[in-house]
Amino acid sequence: METINVTRSYLPSMEEYVNEIADLWDSHWLTNMGCKHNQLQEKLKDYLLVPHCSLFGNGHMALEMALQALELPRGGEVITSPFTFASTTHAIVRNDLVPVFCDTDDKGAIDATKIEALITPKTVAIVPIHVYGNICDVYTIDALAQSYGLKVIYDAAHAFGETLDGKGIGEFGDMSMFSFHATKVFHTIEGGAITCKDEQYIARLYSIKNFGIKDAEHVIAVGANSKMNEFQAAMGLCHLRAMDQCFQKRRAVINRYCQHLEGIPGVRICLDKRDNIQSNYAYFPVCFIKELYGRSRDEVTALLAQHNIYARKYFYPLVNDFDCYKNQFDHNLTPMAKELSATVLTLPLYPDLQLKTVDFICSVLTDRTS
Ligand SMILES: *Cc1c(COP(=O)(O)O)cnc(C)c1O
């Protein structure tokens, strides 16, 4: 029986990649803001419709270093949500800042109506997450931040290529972080970027990701190392050429899932379909409500696995419940995030997933006899 995983990393043809990296054998310039890196950075500004972009070795360090670049006071509170990948909360904590969890809406993005009540004199920033590519209420969040003098960094790891009212999603807030990990919609094997409107952040980030070095004789910050190398950037240049095709194929897969699953009692598709948002079709998250559907999320996961279909409980466990944060955050204070984490499953989705395979996955989900 064929194994169907939740995702499958895009690869260009071997020939295309080899062509892309061939000139590295002339230059011998392999990392430290080389030619491929600079090309990709320019192309991404156009693609993401953002004024400025800084590339990183991975998305997590991009977020961590973006927080560092803001020079927030140690112990300051950062409002964020717990329905996310470990990276978001860790980036806050590793900057000696204190996460304060706000609940989410029923599609996983932060519930912007609940943020203001959490603002205290210690609040310094907001780090909202565009979960599954479902865009947060950026207008409300950015307005709140303005009136309270807070910084905003969006975790846009899931939001590559999305637009809101025709604007690149990476131009909201002070900065946005994109992840280019192999499992993401667009990847550079490992990689990430910060996008922003304010050019001064870019200069700071350039030095922070390179040990705080400004030039040959000046080290201006306690930086670290998170530069994107030339082989990563070359993968990005190849992948970028295929993006339009990837989006189209992903959209066809999602449409097929929706045809089968929409309207089934107890099956809730957690995707935002506002028509002022250009989606990137990154994930297909579905909540299973046992009382209506007959099976719990965990039962669905096991049933699919019997057919060699490996869906992912994304995100479970909730960050509140991580061992490393034991007794620090009460998950009952974020009931929607808790409920999502207990009921959601992301189903297999990648550009080359065959529609007949989607039909098969849905037949398992709709078969009442098994
Ligand atoms: C993938 C991801 C990250 C981290 O990105 P890496 O490139 O893997 O370091 C951060 N936040 C979210 C929500 C993610 O999904």
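Details
- Taking region 91-106 as the range and being within 15 Å of the ligand (Cβ to nearest atom) and in a loop (DSSP other than H, G, I, E, B) as the test, the residues that pass are ARG94, ASN95.
- Within region 1-48, tally of residues that are aliphatic (A, V, I, L, M) and open to solvent by 60 Å² or more (accessible area, probe 1.4 Å): 5
- When ILE254, ILE194 are checked against the criterion of being under 21 Å from the mean Cα position of the chain (by Cα), at pLDDT 95 or above and assigned to a helix (DSSP H, G or I), ILE254 stands alone in meeting it.
- Any hit, region 125-132, residues being assigned to a loop (DSSP other than H, G, I, E, B), free of Cβ contacts under 8 Å to residues at least 40 places away in the same chain and open to solvent by 10 Å² or more (accessible area, probe 1.4 Å): no
- The residues of region 65-89 include none that are of a type in the set (D, E, K, R) and within 14 Å of the ligand (Cβ to nearest atom).
- Matching residues, region 157-191, being within 11 Å of the ligand (Cβ to nearest atom) and not in a loop (DSSP other than H, G, I, E, B): MET177, PHE178, SER179
- For the criterion of being within 15 Å of the ligand (Cβ to nearest atom) and aromatic (Phe, Trp, Tyr), PHE288 fails.
- So ILE119, is it in contact (Cβ under 8 Å) with a residue 24 or more places away in the chain and open to solvent by less than 20 Å² (accessible area, probe 1.4 Å): no
- Residues in region 147-156 that are in a loop (DSSP other than H, G, I, E, B) and away from the ligand (no atom under 11 Å from the Cβ): GLY149, LEU150.
- Residues in region 201-229 that are open to solvent by less than 10 Å² (accessible area, probe 1.4 Å), within 15 Å of the ligand (Cβ to nearest atom) and aliphatic (A, V, I, L, M): MET228 alone.
- Exactly one residue among LEU70, LEU55, LEU63 is touching a residue at least 60 places away in the same chain (Cβ under 8 Å), under 18 Å from the mean Cα position of the chain (by Cα) and within 14 Å of ALA125 (Cα to Cα), and that residue is LEU63.
- Cβ-Cβ contacts under 7 Å between residues 6 or more apart (or on different chains), taken from a first residue in region 176-200 that is open to solvent by 20 Å² or more (accessible area, probe 1.4 Å) and among the β-branched types (Val, Ile, Thr) to a second residue that is more than 7 Å from the ligand (Cβ to nearest atom) and modelled with pLDDT of 95 or more, are listed as THR183/THR7; THR183/SER9; ILE189/ALA182; ILE189/GLN232; ILE189/MET235.
- Region 257-268: number of residues that are in a helix (DSSP H, G or I) and surrounded by fewer than 20 Cβ atoms within 10 Å (Cβ to Cβ): 4
- Residues that are free of Cβ contacts under 8 Å to residues at least 40 places away in the same chain, part of a loop (DSSP other than H, G, I, E, B) and touching a Lys or Arg at 6+ places or on another chain (Cβ under 8 Å) within region 310-355 comprise just one, LYS313.
- Subset of region 49-90 that is touching a Gly at 6+ places or on another chain (Cβ under 6 Å), more than 27 Å from LYS338 (Cβ to Cβ) and in a loop (DSSP other than H, G, I, E, B) - its residue that is least open to solvent (accessible area, probe 1.4 Å): VAL50
- Test for ALA143: is it open to solvent by 10 Å² or more (accessible area, probe 1.4 Å), away from the ligand (no atom under 16 Å from the Cβ) and not in a strand (DSSP E or B): yes
- Any hit, region 302-315, residues being surrounded by 14 or more Cβ atoms within 10 Å (Cβ to Cβ), at pLDDT 95 or above and more than 18 Å from ILE4 (Cα to Cα): yes
The values are calculated or read from the model by the stated rules, or taken from the named source; none is laboratory data. For clarity, every value in this text was computed on a predicted model and none was experimentally measured. Cβ sites come from the backbone with ideal geometry, for glycine too, and all protein chains shown count toward neighbours. Accessible surface areas use protein heavy atoms only, side chains included; no ligands, DNA or RNA. Shrake-Rupley method; radii C 1.70, N 1.55, O 1.52, S 1.80 Å.
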